[in-house]
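In what follows, a single structure is set out as structure tokens and then discussed.
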Amino acid sequence: VHMEQALAEGAECALTPAQAHHLGVVLRRAPGAALRAFNATDGEFEAELTALRKERGAVRIGPRRREPVVEPELRALIAGLKRDAMGWAVEKATELGATRIIPVLTRRCVAEGGKTERLATIARGAAEQCERLSVPVVDPARPLHAVLDAWDGAPLLVAAERRESRPLLEFLPGLSAPCAFLVGPEGGFERAELDDLARRPFVSLASLGPRILRAETALVAGLSAMSLSLDH
Ligand code: SAM
């Protein structure tokens, strides 16, 4: 279980209602069950479920199993997808090491991708499932130009299947964190949006090959390549 609060051996920590529900109703765990509790600041600890009743529960923290690690900052900017596709994209981005997920609104977006809280819950579940210590932050959806105007200058690779893109692989050798990856909506970027992106000094247009990929596929392909080269 991912815990927001500070973890230290001997501490007693409350579970969130969603965690208590998941452990009791979905996983059928009872007090006395062994768990692991973790967060990015303190690492991972053995833990024991000490109380569980309906939406309330607590764990006692045992010895530390893993020290905290510093993860490379990798932001995933995802143009608004339909609710289910966005949930899937957030899950995969979490598994692939994204540290921040920024839903962005572009001209051809069909949807906003659903509520931020729901996406944050998906990110937390995915982090727990893949035994990652940190949970990516999920931002509320914002217009792409607003995100770009407030950008801190970190390299942003934009998945663009146009002729002026260079293969994504070319950007990987020099890549360092913080960095980011942006995938367009199912309908693609408009010409004016690509022009606006291309004139920003921190943006590189990157191709993922000759085939037109679904937005979710492009996200997974690009983030896999980037996270593999940042991790090694
Ligand atoms: N309807 C668009 C078109 O024909 O131009 C295709 C959009 S594609 C389904 C959705 C998004 O995935 C694109 O905006 C782009 O960000 C990314 N994408 C898909 N295939 C790609 C490729 N081969 N290289 C780079 N990005 C790609």
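Where a number appears in this text, it was derived from the coordinates with a stated rule and is not lab data. Note that the structure is a prediction, hence the values are computed from the model and not measured. Note: ideal-geometry Cβ built from the backbone for every residue, glycine included; neighbour counts use all protein chains shown.
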Sites matching trypsin sites (Lys or Arg not before Pro) across region 157-220 that sit in DSSP coil, with at most 13 neighbouring C-beta atoms within 10 Å: Arg162, Arg163, Arg199, Arg211, Arg214
Whole-number percent relative contact order across region 12-66, with pairs defined as alpha carbons under 8 Å at least 6 apart: 41 percent
Computed helical MRE - 222 nm, the chain, DSSP H runs ≥ 4 contributing -39500 (n - 2.57), nearest 500: -8000 deg cm²/dmol
Per residue convex hull volume, Cα atoms of the chain, in Å³: 120 Å³
Check: region 12-66 dipole with +1 on Lys, Arg Cβ and -1 on Asp, Glu Cβ, in debye: 160 debye
Ranked Thr94, Thr16, criterion: other C-beta atoms within 10 Å, fewest first: Thr16, Thr94
In sequence order, calculated HN-Hα J values of region 62-69 (Karplus, 6.51, -1.76, 1.60; Hz; x Gly/Pro): x, x, 6, 9, 9, 6, x, 10
Dipole magnitude (debye, nearest 20) for the chain, charges at Cβ of Lys, Arg, Asp, Glu: 600 debye
Segment Thr116-Leu213, extension gain: residue separation times 0.36 nm, minus the distance between their alpha carbons: 32.4 nm
Total charge dipole magnitude, region 123-232, about the Cα centre, Cβ charges on Lys, Arg, Asp, Glu only, Debye to nearest 20: 200 debye
